[in-house]
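Asks: Let me give you the structure first, and then I'll get to my questions.
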Amino acid sequence: MAHILKAETWRGKTAIVGVGTTRQGEHPGRSAEQIGVEALGLALADSGIDKSEIDGLITCATTQGQGTDASFGPLLGIDPAFSATLDYGSCNFSLHLAVMAIASGLASTVALIYGCNQRTNKASFAGGYGAGADFTHPYGYLHVAAPFAMAFNRHRHLYGTTEEQLGHVAVVQREYARMNPLSVFTDPLTIDDYLATPYLIEPLRRHDMTMISDGGAALIVTSAERARDLPGKAVSVAGMAEQAAWRSNDLEDNVMRPWMKNVAARLYGSSGFTPDQIDLLYVQDPCSFYILEMLEHYGFCQPGESGPFVAAGNTRLGGRLPVNTNGGQLSEAYMWGWLHLCEAVRQLRGECGARQVLGARVAQYASAAAGLRGAATILTVED
């Protein structure tokens, strides 16, 4: 039996007190680190905390190896007590590490930073996918497009899910993106527009896949006690869970990532919340099918019901469960999910203008590193 850090040692004892996001799209002539430093400056100003208080630094390296803590530290002029770089932060994993560092006493105030210039630097994302990639790469099983085309086909075979139902994921997220000044894609998108678009890899279309962009994001995480002395509204970390899936290829229906249910069980168990108490859901979405999959794995609808759930408008503004109110990676920008967490914080603080979900008090963020590991967080402004 694994010995897992008991939730009472960290739950509600840390809070996000600042977020910062740069302009998204293209940053020609700027390094990933320069963009990330800009984002951190914005997050510090948002939090009211001086850089001198930062004694923890967590960064997420880009696919090209940029943005390590060793490269950010000198630019920032800090020598933190705790420092780390994750090879796939997606911000969920980075946030969890920050919470654990504060709970264990290794740091008191942690800066999370991600910056990338992957668009102007023409980074390639056409590599192999998941465990055993060396064996599947030669057959065209590349990127997330190939495995999730297979996953959607499997879902369609089992439950009758239609391409039109899947298309509503992209359409709804574009609606949100058009209300978000950070978004890169803001042209109108209807379900007819979606269905008229050629396949990228059947049955997925271009609107089903993420876009590549430059940009930066940063968050400031500190103790709940320190947060009470700051001027802004703090957002508490109320639940978190992770799961590795290194042997996922051994599982039946592995393309459906059935191990994700383990993350859900631990998440709700650690937080005391249930799916029907979640006001907002954020899903890291390199592919639209991630949304359908996560809705089912986390218990927001039953297996096979996610297609009709989205098509009925439940994830729209004013719907039962608004999803990716920033526009997601399909329309806002591709930042490995960091912008999702920044949006969740801003929504819970009531700062999102036309796309604000009124009365939102609890948000959940679910992410995955391809088919290899997953993570989820519950944030709240409840006392």
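Asks: How long are the semi-axes of the equivalent ellipsoid of the range 133-221, taking √(5λ) for every eigenvalue λ of the Cα gyration tensor, in whole Å from largest down?
Replies: Ellipsoid half-lengths, sorted descending, are 25, 21, 12 Å.
Asks: Hey, can you grab everything whose amide H is under 5 Å from the amide H of Leu57? Only 5+ residues off in sequence or another chain; H modelled, so Pro and N-termini drop out.
Replies: Hits under the 5 Å cutoff: Phe82, Ser83, Ala84, Ala111.
Asks: Relative contact order of the chain: what whole-number percent is it, with Cα pairs under 8 angstrom and at least 6 residues apart?
Replies: Relative contact order, the chain: 24 percent.
Asks: Roughly how much of Cys301 is accessible, in Å² to the nearest 10, using a 1.4 Å probe?
Replies: Cys301 has an accessible surface of roughly 10 Å² with all protein chains in place.
Asks: Right, here's the next one. If the viscosity is 0.692 mPa s and the temperature 37 °C, what Stokes-Einstein diffusion coefficient in µm²/s follows for the range 26-120 when Rh is the Kirkwood radius over Cα pairs?
Replies: Using the Kirkwood radius from Cα pairs, D works out to 246 µm²/s.
Asks: Amide H of His27: which non-local residues (sequence gap of 5 or more, or other chain) have their own amide H closer than 5 Å, using H built in the peptide plane?
Replies: Answer set, sorted by chain and number: Thr120, Asp214.
Asks: Still on this model: Explain nothing, just the number: dipole magnitude of the chain about its Cα centre with +1 on each Lys and Arg Cβ and -1 on each Asp and Glu Cβ, in debye rounded to the nearest 20.
Replies: That gives a dipole near 220 debye.
Asks: Same structure again: Through the Karplus equation 6.51 cos²θ - 1.76 cosθ + 1.60, θ set to phi - 60°, convert the phi angles of the range 11-20 into ³J(HN,Hα) values in whole Hz; use x for Gly and Pro.
Replies: For the range 11-20, the Karplus curve yields 4, x, 9, 10, 8, 8, 10, x, 9, x Hz.
Asks: Taking a ≥ b ≥ c as the square roots of the Cα gyration tensor eigenvalues, with a/c under 1.5 meaning rounded and otherwise prolate when a/b beats b/c, else oblate, which class fits the chain?
Replies: Rounded, because the longest to shortest axis ratio a/c is under 1.5.
Asks: Moving to a separate point now. Quick one: if the Förster radius is 51 Å, what FRET efficiency do Leu195 and Ser52 give, using the C-beta to C-beta distance and rounding to 0.05?
Replies: For R0 = 51 Å, the calculated efficiency reads 0.40.
Asks: What are the ³J(HN,Hα) couplings of the range 195-209, residue after residue, when phi is run through the Karplus curve with 6.51, -1.76, 1.60 and θ = phi - 60°? Round to Hz, x for glycine and proline.
Replies: 5, 7, 7, x, 5, 8, 8, 3, x, 8, 10, 4, 5, 7, 10
Asks: Find the percent of Cα-Cα distances in the range 281-383 that exceed 17 Å, and round it to a whole number.
Replies: The proportion of pairs with Cα distances above 17 Å equals 50 percent.
Asks: Using protein chains only and a probe of 1.4 angstrom, how many square angstrom of Ser271 are accessible, to the nearest 10?
Replies: Spelled out: Ser271, probe radius 1.4 Å, area about 10 Å².
Asks: Restricted to Cα positions, what overall size does the range 184-289 have along the principal axes? Three whole-Å values, descending.
Replies: 54, 40, 29
Asks: In the range 159-251, which trypsin sites (Lys or Arg not before Pro) fall in coil by DSSP and have 11 or fewer other Cβ atoms within 10 Å?
Replies: Numbers: sites: Arg174, Arg178, Arg205, Arg206, Arg226, Arg228, Lys233, Arg247; in loops: Arg178, Arg228, Lys233, Arg247.
Within the range 159-251, the qualifying trypsin sites (Lys or Arg not before Pro) (loop, at most 11 other Cβ atoms within 10 Å) are Arg228, Arg247.
Asks: Taking K and R as +1 and D and E as -1, what net charge do the other residues with C-beta under 13 Å from the C-beta of Tyr268 add up to?
Replies: Details: positive: Arg11, Lys261, Arg266; negative: Asp276.
Result for the local shell: +2.
Asks: A further question on this structure: Using a probe radius of 1.4 Å on heavy atoms only, what accessible surface per residue do you get for the chain? Whole Å² is fine.
Replies: Heavy-atom SASA per residue in the chain reads 39 Å².
Asks: With Cβ to Cβ distances under 13 Å as the rule, what net charge do the other residues near Gln64 carry (K, R +1; D, E -1)?
Replies: -1
Asks: Next question. Please report the carbon-and-sulfur percent of the accessible area for the chain; probe 1.4 Å, protein heavy atoms only, DNA, RNA and ligands left out.
Replies: Values: 7840 of 15040 Å².
Ligands and nucleic acids excluded, carbon and sulfur give 52 percent.
Asks: How large is the helix-only mean residue ellipticity at 222 nm for the chain, computed as the sum of -39500 (n - 2.57) over DSSP H runs with n ≥ 4, divided by its residue count, in deg cm²/dmol to the nearest 500?
Replies: That comes out to -9000 deg cm²/dmol.
Asks: Just to confirm my numbers, what's the Cα centroid distance between the range 304-356 and the range 247-264 in Å?
Replies: Each part reduced to its Cα centre gives a spacing of 25 Å.
The values are calculated or read from the model by the stated rules, or taken from the named source; none is laboratory data. In this text, all values refer to a predicted model and were calculated from it rather than measured experimentally. All Cβ positions, even for glycine, are placed from backbone atoms using ideal geometry, and neighbour counts span all protein chains on display. In case anyone asks, the SASA skips ligands and DNA or RNA and just uses the protein heavy atoms, side chains included. Shrake-Rupley method; radii C 1.70, N 1.55, O 1.52, S 1.80 Å.
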